1. Would you check which residues across region 325-351 are over 29 Å from ASN253 (Cα atoms) and in contact with a Pro (Cβ under 7 Å, 6 or more places away or on another chain) and list them?
2. Take the residues in region 134-161 that are assigned to a helix (DSSP H, G or I) and buried (at least 20 other Cβ atoms within 10 Å of the Cβ); name whichever of them is farthest from the ligand (Cβ to nearest atom).
3. Filter region 210-221 for residues that are in a loop (DSSP other than H, G, I, E, B) and not hydrophobic (A, V, I, L, M, F, W, C) and give the result.
4. Considering region 356-396 alone, what residues qualify as being surrounded by 20 or more Cβ atoms within 10 Å (Cβ to Cβ) and farther than 18 Å from GLN324 by Cβ?
5. Hey, among the residues in region 166-187 that are among the β-branched types (Val, Ile, Thr) and within 13 Å of the ligand (Cβ to nearest atom), which one's nearest to ALA232 (Cα to Cα)?
6. Just a yes or no: is a residue in region 184-193 within 23 Å of PHE115 (Cα to Cα) and not in a loop (DSSP other than H, G, I, E, B)?
7. Going by the conditions given, is GLN207 surrounded by fewer than 17 Cβ atoms within 10 Å (Cβ to Cβ) and either aromatic (Phe, Trp, Tyr) or assigned to a helix (DSSP H, G or I) (or both)?
8. Being within 30 Å of ARG175 (Cβ to Cβ) and assigned to a helix (DSSP H, G or I) narrows it down to one of ALA283, ALA225, so name that one.
Amino acid sequence: MSKGFPTSHDRRRRRTARASQCGVWAAVLILVSSGAAFAQILAPHRHPTLTLREAAARRTFLVGTAADADDLPWVPDPLNVPEYASTLGEQYSMLSPENALKWPIVHPAQDAYNFEPANQLVAFAQAHSMQIRGHNLCWDMDNPEWLNVLAASARPPDMAQLLENHIETVMSQYRGTVFAWDVVNEAISDSASGIGTDMRDSIWYDQPGIGLSGTGYVEQAFRWARAADPDALLFYNEYGIEDTGPKFEALYNMLQDFVSRGVPIDGVGFQMHIDTTGYPSTAGLTENIARIAALGLQVQITEMDVRLPVNSNGQATAADLQAQAATYQRILTACLKAPSCTAFQTWEFSDNYSWIPAYFPGFGAALPFDQNYLGKPAFSALLGALQTNAPVSRTASAVEEPGDLDAASRAWRAKPAEYQSSRGSRYMVPYSVTNQSGATMAVK
Ligand code: XIL
């Protein structure tokens with residue numbers, strides 16, 4: 001474990017998790033002492049008749065969330081928080097380890113791998129019939145100290161060997177278990193011109209890089225990933241490409257080139273860390289998904305949250321919560337209307353465990369469930385979107401068994417012809433919201 005990996009965000013999560021555990025037990029006591037009548041009043045909020053995953057399953061669609069195990073020693077295992085675990089298992093059909101598969105945790109020393117935290121999440125997901133989405137194999141951020149130190153003196157062939165071994169080792173461990181991987185995360189520059197492909201500086205690209213120009217390292221990572229697990233869906237995951245603009249054009253140029261040369265890639269993850277100011281436009285998002293679909297690639301919304309200005313208690317205004325609900329509904333609806341958009345995932349699900357307060361100071365309350373695991377207006381809006389939009393065919397009749405929901409996105413891959421700063425500031429591009437300063441990620 002890299003010493004640099006703890007963040008104030010994570011320490012805050014420990015505090016809020018503790019507070020919430022107290023809150024949960026207090027609630028249990030109240031329920032027990034005040035009897036069943038009171039419990040019935042609370043019940044509809046916690047357990048609506050229909051869950052997100054049930055509504056999503058009716059239309060063969062995956063609804064997921066990121067989740068953490070006890071991968072960070074200073075954060076109590078959220079899976080041991082009863083309300084966390086029950087909400088996760090009841091509401092979601094897909095789970096992405098928020099941190100457990102990142103290099104500092106899964107590959108804490110050059111010659112050591114630690115699969116324990118990810119295994120806890122995998123076990124939870126399997127026990128609850130959830131699909132597992134792997135995140136991520138290659139990123140310029142969140143790398144362990146040993147890797148950054150090594151990179152400072154490594155030769156490109158050594159970096160290539162390191163990355164290939166990492167991809168091979170981690171993907172083999174979860175072959176047949178993880179159905180989709182974010183192979184490369186955030187490789188395109190925020191100042192991309194849109195002509196050609198401008199890559200972000202990184203230890204994999206040019207510091208020292210793995211010895212390939214342009215998008216070469218991304219291509220190579222995908223080739224190694226396909227070799228490691230031929231059945232896994234391979235995604236390129238990015239932010240700031242959800243609307244039209246030069247960064248999307250750079251992404252599109254890379255995808256077009258990859259598809260034309262047979263580089264193995266199945267889809268693009270649209271992270272979707274947004275606010276309520278209108279980014280991305282519905283038209284832009286729809287156009288981008290369609291252009292990617294025309295290349296034969298699917299899209300998954302991979303990390304959505306909608307940050308709001310909050311007071312010192314982490315509370316947002318009622319008006320902002322309504323605006324947030326409308327934003328969630330708008331984005332999910334755009335995804336549901338596109339046959340090639342096969343999954344919708346938020347980055348955690350309860351405001352207790354969001355990365356937003358630490359990385360975007362002054363903001364928070366970004367997720368569909370509040371700190372007490374009660375559904376917010378955003379939760380009702382997501383449920384409403386799943387119920388009201390007419391199902392589109394994503395499956396090409398390939399969902400073989402109930403529960404085999406990832407078949408929808410697999411089938412889509414099989415039939416592409418059918419639909420021919422500071423740390424926080426990274427995610428502010430290309431939209432602008434003030435009131436944020438440096439985040440506390442100490443790695444890199
Ligand atoms: C974040 C996690 O949520 C935090 O707990 C961690 O401290 C830093 O990383 N884009 C990504 C995710 O691809 O991996 C990031 O997750 C959020 C932004």
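1. First pass over region 325-351, keeping only residues over 29 Å from ASN253 (Cα atoms): 325-326, 329, 348-351.
Once the filter is applied, which keeps residues that are over 29 Å from ASN253 (Cα atoms) and in contact with a Pro (Cβ under 7 Å, 6 or more places away or on another chain), region 325-351 yields ALA325, PHE349.
2. Here is the first cut: in region 134-161, the ones assigned to a helix (DSSP H, G or I) are 145-153, 156-161.
The next check asks that each one be buried (at least 20 other Cβ atoms within 10 Å of the Cβ); those that pass are 147, 159-160.
Details: LEU147: 16, MET159: 21, ALA160: 23 Å.
Selected residue: ALA160.
3. So the first thing to find is which residues in region 210-221 are in a loop (DSSP other than H, G, I, E, B), and the list is 210-215.
Correct list: GLY211, SER213, GLY214, THR215.
4. Within region 356-396, ALA358, ARG394, THR395 qualify.
5. First, pick out the residues of region 166-187 that are among the β-branched types (Val, Ile, Thr): 167, 169-170, 177-178, 183-184.
When the remaining residues are screened for being within 13 Å of the ligand (Cβ to nearest atom), the result is 183-184.
Details: VAL183: 10, VAL184: 14 Å.
This residue is VAL183.
6. If we filter region 184-193 for residues that are within 23 Å of PHE115 (Cα to Cα), which is where we start, we get 184-185.
When the remaining residues are screened for being not in a loop (DSSP other than H, G, I, E, B), the result is 184-185.
Taking every residue of region 184-193 in turn, at least one turns out to be within 23 Å of PHE115 (Cα to Cα) and not in a loop (DSSP other than H, G, I, E, B).
7. On the way: surrounded by fewer than 17 Cβ atoms within 10 Å (Cβ to Cβ): yes; either aromatic (Phe, Trp, Tyr) or assigned to a helix (DSSP H, G or I) (or both): no.
Judged against the criteria, GLN207 is not a match.
8. On the way: ALA283 fails: within 30 Å of ARG175 (Cβ to Cβ).
Selected residue: ALA225, the only one of ALA283, ALA225 that is within 30 Å of ARG175 (Cβ to Cβ) and assigned to a helix (DSSP H, G or I).
The values are calculated or read from the model by the stated rules, or taken from the named source; none is laboratory data. Since the model is a prediction, treat every value here as computed from it, not as a measurement. Ideal geometry is used to build each Cβ from the backbone, glycine not excepted, and the neighbour counts take in all protein chains shown.
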